[in-house]
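Reviewing the structure listed below.
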Amino acid sequence: MHNIMVTGGAGFIGSNFVIYLLNKYKEYNVLVYDKLTYAGNLDNLLEVSGDPRYHFVREDICDAGSVAQAIEKYKIDTIVNFAAETHVDRSILNPDAFIQTSVYGTYVLLEAARRFCLQRYHQISTDEVYGHIPAGYSSKEDDKVDPRSPYAASKASADLMVNAYHVTYDLPVTITRGSNNIGPFQYPEKVVPLFATNAIDGEPLPVYGDGRQMREYQYVVDHCDAIDLVLHSGTIGEIYNIGTGLEMENLQMVEILLQAIDCPRDLIRHVKDRPGHDRRYSLNIDKIKALGWQPRHTPAEAIAATGRWYADNEWWWRKIKHGAFQDYYETQYGERLRQSTASNIQSSSYE
Ligand code: NAD
Ligand code: TYD
């Protein structure tokens with residue numbers, strides 16, 4: 001493994017992973033292959049932009065010709081696929097691009113991996129493929145997938161195709177399923193950066209429903225660490241969950257965030273819930289721990305560190321929260337916020 005193509009490498013987790021790889025492995029070359037959708041951002045990669053081992057191609061993973069050209073030109077031996085449309089709320093408004101990229105695009109990459117006999121195809125997946133998980137249980141890798149949003153269904157479909165290429169063509173694949181990532185460079189449509197940046201500007205924080213949904217927030221660099229471990233020590237054909245084993249209610253997350261950036265909790269608004277909102281995700285992480293990994297940050301540490309990063313890096317997010325973002329914000333939140341209520345709900349276990 002020397003020449004790695006990171007598809008979706010200009011997005012949030014992909015760019016953190018590219019920086020991680022180039023810092024850790026002096027002998028690796030990394031090609032970022034990214035379409036630069038609204039979520040792709042070359043500012044994320046400024047730290048490595050002058051590194052001769054870093055290359056960038058702006059193309060779509062659905063374009064088989066461009067994928068083949070990039071693999072040949074950069075002598076790629078490994079693909080790590082982060083490319084996807086990733087926001088559940090946008091998948092509810094318009095699922096089309098989600099299906100295109102995650103279903104058809106993943107197929108294109110798998111075909112290329114097969115044709116060029118790559119050493120490894122690694123798929124970045126999500127805990128959302130398991131669907132809502134009742135209290136008292138944590139998802140294991142061989143549980144059935146039960147996706148409930150168009151986003152989750154597009155990701156589960158990709159996982160099934162990756163597995164089919166392993167079984168049918170003996171393609172050397174691995175899959176990791178991560179929980180909610182937070183940290184530097186996350187597009188401010190996702191809840192933690194949206195709330196951090198809104199709070200810094202004194203804007204309301206639109207909490208969906210009662211805010212008691214449970215998520216397993218993890219620091220993005222811990223996730224990168226685990227992906228790296230699976231790439232180098234994982235068993236071919238296997239799936240690995242990556243999380244913290246620690247979940248919390250969204251309202252707890254909001255309180256930790258507001259404390260970290262010293263903003264008042266009266267910004268919290270309860271707004272109309274997301275349709276089909278999965279109440280709880282929870283991952284069993286015994287399998288990745290058995291490989292020798294464990295998270296370095298608790299969810300609370302990750303939330304506080306992320307809040308502080310957004311407070312310290314207005315240069316990064318201010319230019320994003322203009323233009324098309326504001327149109328999206330009005331569509332998603334305008335009416336909801338006009339009908340919202342201030343919070344009188346206390347989170348149950350964080351005071
Ligand atoms: P992101 O939205 O920040 O970035 C996605 C990147 O993919 C962008 O750079 C975008 O330009 C690129 N892209 C989209 N469509 C493309 C296409 N057709 N061709 C080439 N590039 C394309 O996403 P993220 O949060 O960094 O997520 C990365 C991956 O991790 C996704 O596969 C996502 O499903 C998965 N994941 C995310 C989380 C999370 O909490 N963010 C958790 C678990 C898994
Ligand atoms: P999100 O960051 O969209 O990730 P996902 O839905 O993929 O888990 O949302 C995380 C949680 O925060 C989820 O329970 C939905 C909730 N949420 C809000 O309450 N308000 C918001 O404005 C957003 C974007 C999310």
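Test Asn81 against the stated conditions and say whether it is within 10 Å of ligand 1 (Cβ to nearest atom), at pLDDT 95 or above, more than 22 Å from Cys117 (Cβ to Cβ) and open to solvent by less than 50 Å² (accessible area, probe 1.4 Å). Steps first, please.
Details: within 10 Å of ligand 1 (Cβ to nearest atom): yes; at pLDDT 95 or above: yes; more than 22 Å from Cys117 (Cβ to Cβ): no; open to solvent by less than 50 Å² (accessible area, probe 1.4 Å): yes.
So Asn81 fails the test.
For segment 253-263, which residues satisfy the criterion of being touching a residue at least 40 places away in the same chain (Cβ under 8 Å) and open to solvent by 20 Å² or more (accessible area, probe 1.4 Å)? Give the steps one after another, and end with the answer.
Let us first name the residues in segment 253-263 that are touching a residue at least 40 places away in the same chain (Cβ under 8 Å), namely 253-261, 263.
Matches in segment 253-263: Glu255, Gln259, Ala260, Ile261, Cys263.
Can you name the condition, by its number, that Lys144 falls short on among (1) touching a residue at least 24 places away in the same chain (Cβ under 8 Å); (2) of a type outside the set (S, T, N, Q); (3) assigned to a loop (DSSP other than H, G, I, E, B)?
Of the numbered conditions (1) touching a residue at least 24 places away in the same chain (Cβ under 8 Å); (2) of a type outside the set (S, T, N, Q); (3) assigned to a loop (DSSP other than H, G, I, E, B), the odd one out for Lys144 is (1).
For segment 280-308, which residues satisfy the criterion of being out of contact with any helix residue (DSSP H, G or I) (no Cβ under 6 Å at 6 or more places or on another chain), buried (at least 21 other Cβ atoms within 10 Å of the Cβ) and part of a helix (DSSP H, G or I)?
Pro299, Ala302
Could you please give the count of residues in segment 166-196 that are touching a strand residue (DSSP E or B) at 6+ places or on another chain (Cβ under 9 Å) and surrounded by 21 or more Cβ atoms within 10 Å (Cβ to Cβ)?
Within segment 166-196, the subset touching a strand residue (DSSP E or B) at 6+ places or on another chain (Cβ under 9 Å) is 166, 171-183, 190-195.
Cutting the leftovers down to surrounded by 21 or more Cβ atoms within 10 Å (Cβ to Cβ) gives us 171, 173-183, 191-195.
Here the count works out to 17.
Would you check if there is a residue in segment 179-187 being within 16 Å of ligand 2 (Cβ to nearest atom) and at positive phi?
Initially, segment 179-187 is screened for residues within 16 Å of ligand 2 (Cβ to nearest atom), giving 179-187.
Checking which are at positive phi leaves us with 183, 185.
Yes.
Residues are listed down the side, and each one gets a yes or a no for (1) at pLDDT 95 or above; (2) assigned to a loop (DSSP other than H, G, I, E, B); (3) within 11 Å of ligand 1 (Cβ to nearest atom):
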{"position": "Ser15", "(1), (2), (3)": "yes, no, yes"}
{"position": "Ile19", "(1), (2), (3)": "yes, no, no"}
{"position": "Leu22", "(1), (2), (3)": "yes, no, no"}
{"position": "Leu31", "(1), (2), (3)": "yes, no, no"}
{"position": "Gly40", "(1), (2), (3)": "yes, yes, yes"}
{"position": "Ala68", "(1), (2), (3)": "yes, no, no"}
{"position": "Glu85", "(1), (2), (3)": "yes, yes, yes"}
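Answer yes or no as to whether Asn250 is of a type in the set (S, T, N, Q), within 16 Å of ligand 1 (Cβ to nearest atom), within 29 Å of Val145 (Cβ to Cβ) and open to solvent by 10 Å² or more (accessible area, probe 1.4 Å).
Numbers: of a type in the set (S, T, N, Q): yes; within 16 Å of ligand 1 (Cβ to nearest atom): yes; within 29 Å of Val145 (Cβ to Cβ): yes; open to solvent by 10 Å² or more (accessible area, probe 1.4 Å): yes.
Yes.
Tell me, which residue of segment 41-64 that is within 20 Å of Gly105 (Cβ to Cβ) and of a type in the set (Val, Ile, Thr) is surrounded by the most Cβ atoms within 10 Å (Cβ to Cβ)?
The selected residue is Ile61.
Do you know which residues across segment 309-338 are in a helix (DSSP H, G or I) and basic (Lys, Arg)? Before the answer, list the steps.
The initial filter retains those residues of segment 309-338 that are in a helix (DSSP H, G or I), namely 309-312, 314-317, 324-338.
Matches in segment 309-338: Arg336, Arg338.
One line per residue, one yes/no per condition, for (1) within 16 Å of ligand 2 (Cβ to nearest atom); (2) over 27 Å from Gly183 (Cβ atoms):
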position: Leu21; (1), (2): no, no
position: Gly40; (1), (2): no, no
position: Glu47; (1), (2): no, no
position: Ile71; (1), (2): no, yes
position: Asp77; (1), (2): no, yes
position: Phe82; (1), (2): yes, no
position: Val103; (1), (2): no, yes
position: Val108; (1), (2): no, yes
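Scan segment 65-75 and give yes if some residue there is under 27 Å from Gly243 (Cα atoms) and either open to solvent by 10 Å² or more (accessible area, probe 1.4 Å) or touching a Leu at 6+ places or on another chain (Cβ under 7 Å) (or both), otherwise no.
Here is the first cut: in segment 65-75, the ones under 27 Å from Gly243 (Cα atoms) are none.
Taking every residue of segment 65-75 in turn, none turns out to be under 27 Å from Gly243 (Cα atoms) and either open to solvent by 10 Å² or more (accessible area, probe 1.4 Å) or touching a Leu at 6+ places or on another chain (Cβ under 7 Å) (or both).
The values are calculated or read from the model by the stated rules, or taken from the named source; none is laboratory data. What you see is a predicted model, and the numbers here were worked out from it, not measured in a lab. Don't worry about glycine lacking a Cβ; one is built from the backbone with ideal geometry, like all the others, and counts go over all protein chains shown. Note: areas computed on protein heavy atoms with side chains; ligands, DNA, RNA excluded. Shrake-Rupley method; radii C 1.70, N 1.55, O 1.52, S 1.80 Å.
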